[in-house]
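Structure, as structure tokens:
The values are calculated or read from the model by the stated rules, or taken from the named source; none is laboratory data. The model shown is predicted, which means the values in this text are computed figures rather than measured ones. Every residue, glycine among them, receives a Cβ derived from its backbone with ideal geometry; neighbour counts consider all protein chains shown.
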Amino acid sequence: MAQDVKSFLGNAITHLAGLTRLDIHTLVGDYEFNKDKEGTPTTLKVDSTDERMCSQVNLITGDITTAMTNKFANEYKDLREYHLIRENQGHEIIKRNIEVLEKILETLKVFQTEQNKSGTPPNE
């Protein structure tokens, strides 16, 4: 069981290490989706429309870069405000996800401690 916990933690850390950037895109007009091997739409193809606003948030440094087309800058005030709201929601989602991960790690620590004391997993 200890190896399962170590394996889980190792996999989680490996995958989390690659999550250093949050991308937020607001697209206007006709757009396309990327598709998986079966042809099922998955994620937005961000370059499928010329009218877009994109933000990248570096989750390590906190730097935010935002780019927008001229129409977004000059004509789409409501969509710029919407994009900002989505950016803020992204920050909140990340915060909640980190809190959940902390709780999972604490639970695993308790589980591991109980197993080490008794030689068997708790509740068995």
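Do we find that Leu22 is in contact with a strand residue (DSSP E or B) (Cβ under 8 Å, 6 or more places away or on another chain), assigned to a strand (DSSP E or B) and at pLDDT 85 or above in this structure?
yes
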**Request:** Of all residues in the stretch 59-82, count the ones that are of a type in the set (Asp, Glu), over 27 Å from Leu19 (Cβ atoms) and in a loop (DSSP other than H, G, I, E, B).
**Result:** 1
**Fill in**
Within the stretch 56-86, the count of residues that are loosely packed, with under 11 Cβ neighbours inside 10 Å and polar (S, T, N, Q) comes to 4
**Asked** Does Thr49 count as modelled with pLDDT under 85, polar (S, T, N, Q) and in contact with a Gly (Cβ under 8 Å, 6 or more places away or on another chain)?
**Response** yes
**Request:** Tell me which residues, restricted to the stretch 32-58, are over 22 Å from the mean Cα position of the chain (by Cα) and in a loop (DSSP other than H, G, I, E, B).
**Result:** Lys37, Glu38, Gly39, Thr49, Asp50
**Prompt:** (1) farther than 14 Å from Thr26 by Cα; (2) touching a His at 6+ places or on another chain (Cβ under 6 Å): which one isn't true of Cys54, the others all being true?
**Reply:** (1)
**Prompt:** Among the residues of the stretch 39-54, is any in contact (Cβ under 8 Å) with a residue 12 or more places away in the chain, among the polar types (S, T, N, Q), in contact with a helix residue (DSSP H, G or I) (Cβ under 6 Å, 6 or more places away or on another chain) and surrounded by 12 or more Cβ atoms within 10 Å (Cβ to Cβ)?
**Reply:** no
**Fill in**
Only one of (1) modelled with pLDDT under 80; (2) surrounded by 10 or more Cβ atoms within 10 Å (Cβ to Cβ); (3) under 14 Å from the mean Cα position of the chain (by Cα); (4) of a type in the set (A, V, I, L, M) does not apply to Val5, and that is (3)
